[in-house]
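Report on the following structure.
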Amino acid sequence: MGFATTEAVVGVDVGSTEIKALVADLGGVTLSVQRTATGWHRGADGRSELTADVLLRRVLSALSDAVRVAEESARRLRVVGVAVTGMAESGVLVDRGGDPLHPIIAWFDQRGGEELVLLPDELSGSFSRHTGLPLSPLCSFAKLNWLPSHGISPPEADTWLNVPELVAARLGGDAVTEPSLASRTGLLDQSTLAPWAPAFEHLGLRTSALPPMATAGTPIGRVDHPDVPDAVRGAALTVAGHDHPVASVASGVWHGEHLFDSCGTSEALLRVVSAPLRDDQRERLTDHGVAQGAHVLPDRWILLGGTRGGLLLDRVLALVGCQDQRARAELDEQAAAGAGPTGSVVISGAHARSDQVTVQLVGTDVAPLAAWSAALDHAMSETDAVIALMSAEAGPHEHVTAAGGWTRMRSFRAAKQRSLPAVEYARVDQPSAYGAAIFATQAARRAAGDTGVSAVDIAREFTGSTLATTGAEL
């Protein structure tokens with residue numbers, strides 16, 4: 001007697017630190033999650049880069065391991081959809097044959113900063129109002145502007161691919177660009193979602209180097225890479241988009257005027273808006289480090305800001321000797337019961353544009369509880385400041401959902417509730433990879449003829465009423 005075949009999807013999340021592959025069945029039940037280090041090659045000068053071939057090998061390793069583990073429980077597995085999400089701002093120029101012309105430069109690599117100072121005034125003065133991005137080394141434009149002085153000529157390139165788009169193309173998909181990823185390059189005009197000609201002219205790059213637009217969940221081909229497991233061959237492929245909005249979809253953040261607070265090492269604040277901003281609004285927000293771009297969902301836009309609050313909390317735990325699980329749990333319990341005095345601790349620099357976070361302990365006997373309470377208070381105040389900037393331009397948010405590792409701590413949740421009383425907490429684990437699995441399901445169903453299905457429909461089917469819990473349930 002044979003075993004029934006389990007149909008499944010795979011969400012691949014190519015993150016800055018780790019690559020994750022999540023296998024879920026078509027009811028949204030996670031069957032396995034496997035991960036591997038992204039593994040940047042770090043130079044002595046602070047540079048971080050990775051070749052496309054090495055990146056793909058690591059993606060294939062995580063994907064193969066995840067499918068193997070899922071097959072152990074499902075016996076017969078057939079993957080019908082694969083979606084790739086991940087970091088933005090990192091990518092590569094490829095030639096007509098699809099071969100990369102240079103290594104992938106990490107988004108956090110500061111290359112290109114010196115060259116930005118030399119841009120013509122007309123270009124630098126109009127950059128942010130058109131692209132929705134601060135003019136900084138983080139965006140792809142800065143890296144592309146750095147290449148010519150180091151022997152790489154953009155005019156020789158055929159196509160620019162962001163990392164998730166590159167991975168999908170290498171797995172067998174067409175070369176496309178997805179709106180939320182393209183919005184982080186500095187090559188897209190946010191008013192029209194068309195290539196911004198001045199950026200291309202300055203780089204000497206053809207506007208056709210930005211490939212055809214394909215929204216998240218659009219099938220772009222079938223998996224045909226020779227090194228994927230047999231169960232994955234022929235699966236519909238799609239680019240899910242930038243990891244932050246993909247995670248927000250998995251967490252139930254679907255509608256306009258919703259705020260998503262991703263509480264990780266770098267706290268990301270994603271505000272969904274139902275209409276694009278004006279040029280002057282983009283300019284004011286980018287002056288404070290808040291970007292505007294396309295959402296992974298149609299007819300939605302996002303404001304994306306952040307803080308270094310998670311980095312601050314990590315440093316304080318190390319400073320007070322509470323990094324191991326037991327000490328951290330004890331401190332969390334004490335802080336959740338009531339914040340300690342914070343007057344002996346001075347903290348600065350947790351905002352996103354700061355180069356360093358400073359923690360100063362005043363006196364010789366500062367209790368760990370005082371330091372932790374001060375860190376929580378400062379992290380929340382920086383978050384509040386970013387939210388206020390967004391609200392000043394887009395109006396107040398109507399709902400707020402938080403997710404991420406720090407939300408597992410009761411003291412963090414208590415502090416977050418003092419800051420955002422109506423906050424709810426997403427219950428989805430690995431939201432970026434799980435969100436990619438949602439878009440993989442959409443691609444599979446569209447490829448099978450169900451062209452009207454939306455990612456929100458599938459997210460509702462997958463997550464039902466378990467999307468979030470309120471702070472009152474703590």
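Tell me, yes or no, whether segment 408-424 has at least one residue that is in contact with a Lys or Arg (Cβ under 7 Å, 6 or more places away or on another chain) and crowded, with 24+ Cβ neighbours inside 10 Å.
Among the residues of segment 408-424, not one is in contact with a Lys or Arg (Cβ under 7 Å, 6 or more places away or on another chain) and crowded, with 24+ Cβ neighbours inside 10 Å, which makes the answer no.
Just to be sure before I move on: is V33 surrounded by fewer than 22 Cβ atoms within 10 Å (Cβ to Cβ), among the aliphatic types (A, V, I, L, M), in contact with an Asp or Glu (Cβ under 7 Å, 6 or more places away or on another chain) and not in a helix (DSSP H, G or I) in the structure I sent?
It is false that V33 is surrounded by fewer than 22 Cβ atoms within 10 Å (Cβ to Cβ), among the aliphatic types (A, V, I, L, M), in contact with an Asp or Glu (Cβ under 7 Å, 6 or more places away or on another chain) and not in a helix (DSSP H, G or I).
Tell me, which strands (runs of 3 or more DSSP E) wholly within segment 211-307 include 2 or more residues that are of a type in the set (A, V, I, L, M) and touching a strand residue (DSSP E or B) at 6+ places or on another chain (Cβ under 7 Å)?
Hits in segment 211-307: 236-242, 267-273, 291-294, 301-307.
Suppose the filter is acidic (D, E) and farther than 19 Å from G186 by Cα; does E257 pass it?
So E257 passes the test.
What pairs come up if the first residue lies in segment 95-120 and is assigned by TED's automatic domain parsing to the domain that holds A209 and closer than 23 Å to T17 by Cβ, the second is aromatic (F, W, Y) and assigned to a helix (DSSP H, G or I), and their beta carbons are under 7 Å apart, counting only those six or more places apart or on different chains?
Sorted first by the residue in segment 95-120, then by its partner, the pairs are R111/W146; G112/W146.
Going through R58, R78 one at a time, which residue ends up being of a type in the set (K, R), more than 20 Å from V167 (Cα to Cα), modelled with pLDDT of 95 or more and out of contact with any Pro (no Cβ under 9 Å at 6 or more places or on another chain)?
None of the other options fit; the residue is R78.
Would you mind finding the one in P245, P212 that is closer than 30 Å to S61 by Cα, buried (at least 16 other Cβ atoms within 10 Å of the Cβ) and not hydrophobic (A, V, I, L, M, F, W, C)?
Selected residue: P245, the only one of P245, P212 that is closer than 30 Å to S61 by Cα, buried (at least 16 other Cβ atoms within 10 Å of the Cβ) and not hydrophobic (A, V, I, L, M, F, W, C).
Cβ-Cβ under 6 Å, sequence separation 6+ or interchain: first residue in segment 61-76 and under 12 Å from A8 (Cα atoms), partner hydrophobic (A, V, I, L, M, F, W, C) and buried (at least 19 other Cβ atoms within 10 Å of the Cβ). Which pairs?
Listed by first residue and then by second, the contacts come to A66/A21; A66/V23; V67/A231; A70/V23; A70/L31; A70/L77; E71/L77.
If only one of V223, V239 is of a type in the set (A, V, I, L, M), in the same structural domain as D25 (by TED's automatic domain parsing) and touching a Lys or Arg at 6+ places or on another chain (Cβ under 8 Å), which one is it?
V223
Out of segment 429-451, which residues are surrounded by fewer than 22 Cβ atoms within 10 Å (Cβ to Cβ) and within 16 Å of the chain's Cα centre (by Cα)?
D429, Q430
Inside segment 132-210, counting only helices (runs of 4 or more DSSP H) that do not spill past its ends, which hold 2 or more residues that are touching a Phe, Trp or Tyr at 6+ places or on another chain (Cβ under 9 Å) and under 22 Å from M87 (Cα atoms)?
Answer list for segment 132-210: 140-146.
The values are calculated or read from the model by the stated rules, or taken from the named source; none is laboratory data. Worth saying up front: this structure is predicted, and the values here are computed from it rather than measured. Backbone-built Cβ (ideal geometry, glycine too); neighbour counts: all protein chains shown.
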